[in-house]
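Report on one structure; see the data block that follows.
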Amino acid sequence: MAEQAHSDEPLLVTPLHAEHVALGARMVPFAGYDMPVQYPTGIMTEHNWTREHAGLFDVSHMGQALLVGPDHETTARALETLIPADIVNLKPGQQRYSQLLSEEGGILDDLMVTRSGDPAEDGKLVLVVNASMKEADYAHMQARLPANVKLVRSDDRALLAIQGPKAAEVMARLAPDTADMTFMAVKATKVAGLDVHLSRSGYTGEDGYEISVKAKDAVALWRALLADPEVKAIGLGARDSLRLEAGLCLYGHDIDTTTSPIEGGLIWSIQKRRREEGGFPGAARIQREIKDGAARVRVGLKPEGRAPAREGSIITTPDGREVGIVTSGGFGPTVNGPVAMGYVSKDVSAVGTDLHLVVRGKPIPAKVAAMPFAPHRYKR
Amino acid sequence: MTTRYTKDHEYVRVEGDAGIVGISDYAQAQLGDVVFVELPAVGKTLAKGAEAAVVESVKAASEVYAPVSGEVLEVNSLLEDTPGTVNEDAAGRGWFLKLRITNPSELDGLLTEEQYQEFVKSIS
């Protein structure tokens, strides 16, 4: 059996590293961090537990930062020169998904942008970016922000996610004021007596919260959440299968500098005012793609049989014409079968279209499928 | 009944001039939940070290190599519908394929049970 080679570079650790090791996690290098890919029960059990109960994830490797300006309008306008979302009209206490764009309209990274609900925090935006891209993102933003808007790294904070149908009741036991939050709402509160900023969001398709906490309080928060019998620790392996079934993009795989938000099926994240006004990098291309459609688009793919089609599998028509490539693929435990997503030419992108995925040289029949593969269960 | 192992964690259990090939219990634990096994065609001739099968876990695909040369006599059709059998019983019901061993002297170059367990200890 062939094993993957591991890099010898020194790895960073999160404030919860010792907790993972103590739980018996298998640790692997991920985006420069030594991270838990799974705990002893394995990816399948962790995946199913998250869909049925509540899974707890350490996502402290992700980049947390603040944009600090004199007032909301100024900070929001500065960020809007880099991303296509409407941040000026983002309401206090709300979070929005967006993308840092290149001048060509490619995606440099995807990110969450939060406006605090506290009037005293007016002029601040909280950003969460991908671990693998954070240094590049920060440099990119710092080079382009006006003098009166500063990027301040929040490297002293950890990030935990609790996800699953029981997440809300678990949280309500530790912080009753989190119960009435709706999807993408944010709040500053105390969980188990610890000061946190949290949002009702996540990366699994399930209801849940992402909780930002001071690094020094991370272990106490982790243990308080894990103490609930509904909660188990979940590694990056299940995080990937959960997000794939939820149809959510993984940066560097499903979206990157070569894909635009329109090709990536992320038009919903560009609000009407920005579509019309433009004023973000690559606006000309993106507005053209909004009007005329993109030549290729990201679609869900459901292979027949049980063989997973992995990232990099070529997509052809049944008569062998190459029409695209798989960007994420694997086994979906909730679907109980293989699932994938990838980019295909627009003419073969309709749901139900018969295609082939080439796996180890053999064509596997597949259909273009609607995403998500597992229904989203967000609290609206 | 003799079982021999490779350092790539395949085993071959010798039964007369045939060999039952699978992956070790250590290997299945390392892979995690097996969700698909691609098996060779019956009748195929495999050289020692050639790709014999592919085992897919939730996370990744891994090749399984022929521990000795031989002709595929039979494959474990149980794995088609219940690939998780590899996790439950790698050494038993979770076997992959049966080979007619063409060069029994190749077995001498493989690890004994004891040597393999030592090897696993040294890498874990």
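The values are calculated or read from the model by the stated rules, or taken from the named source; none is laboratory data. Fair warning: this is a prediction, and the values are worked out from it, not measured in the lab. Every residue, glycine as well, gets a Cβ built from its backbone with ideal geometry; the counts of neighbours run over all protein chains shown. Accessible surface is based on the protein model in full, side chains and every heavy atom, while ligands, DNA and RNA are left aside. Shrake-Rupley method; radii C 1.70, N 1.55, O 1.52, S 1.80 Å.
Data for the structure
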| read-out | value |
| --- | --- |
| Shape category assigned to the stretch A:1-247 from the gyration tensor of Cα positions, a/c cut at 1.5 | oblate |
| Gaussian network model of chain A, Cα within-10 Å springs - most flexible of A:69, A:361, A:247 | A:361 |
| Globularity index of the protein assembly as shown, i.e. its alpha-carbon radius of gyration over 2.2 N^0.38 Å | 1.07 |
| Neighbour net charge for residue A:30 - beta-carbon separation under 15 angstrom, K R +1, D E -1 | +1 |
| The stretch B:32-77: relative contact order in percent, alpha carbon pairs under 8 Å with at least 6 residues between | 43 |
| Probe 1.4 Å - accessible area at residue B:7, Å² to nearest ten | 130 |
| Most to least packed among A:164-170, B:21-27, A:26-32 [average Cβ atoms within 10 Å] | B:21-27, A:164-170, A:26-32 |
| Ordering of B:91-100, A:134-143, A:196-205 by packing [mean C-beta count within 10 Å, highest first] | A:196-205, B:91-100, A:134-143 |
| Relative contact order for chain B, counting Cα pairs under 8 Å that sit 6 or more residues apart, in percent | 30 |
| Solvent-accessible heavy-atom area per residue, rounded to whole Å², over the stretch A:295-369 at 1.4 Å | 40 |
| Average beta-carbon neighbours from other chains, 10 Å sphere, peptide B:54-67 | 5 |
| Accessible solvent surface per residue of the stretch A:1-126, calculated while the other protein chains remain in place, 1.4 angstrom probe, Å² | 40 |
| Other protein chain Cβ atoms within 10 Å, averaged over every residue that makes up A:270-278 | 0 |
| Accessible surface of the stretch B:2-104 [probe 1.4 Å, protein heavy atoms]: carbon and sulfur percent | 46 |
| Inter-label distance, nm, simple model (7 Å from Cα along the C-beta direction), residue A:227/residue A:351 | 4.5 |
| Check: the protein assembly as shown dipole with +1 on Lys, Arg Cβ and -1 on Asp, Glu Cβ, in debye | 1440 |
| Whether chain B is rounded, prolate or oblate, judged on the alpha carbon gyration tensor where a/c under 1.5 counts as rounded | oblate |
| Carbon plus sulfur fraction of accessible area for the stretch A:286-380, probe 1.4 Å, in percent | 53 |
| Positive-pole candidate from A:69, A:53, A:194, dipole of the stretch A:1-247, charges at beta carbon | A:194 |
| For chain A, calculated [θ]222 nm from helices alone, where every DSSP H run of n ≥ 4 adds -39500 (n - 2.57) | -6000 deg cm²/dmol |
| Accessible surface buried once B binds A (1.4 Å probe; total of both sides; Å²) | 1900 |
| Spin-label pair residue A:71/residue A:288, simplified geometry with 7 Å Cα→Cβ offset, distance in nm | 3.8 |
| Within chain B: Cβ-based charge dipole about Cα centre, in debye rounded to nearest 20 (Lys, Arg +1; Asp, Glu -1) | 180 |
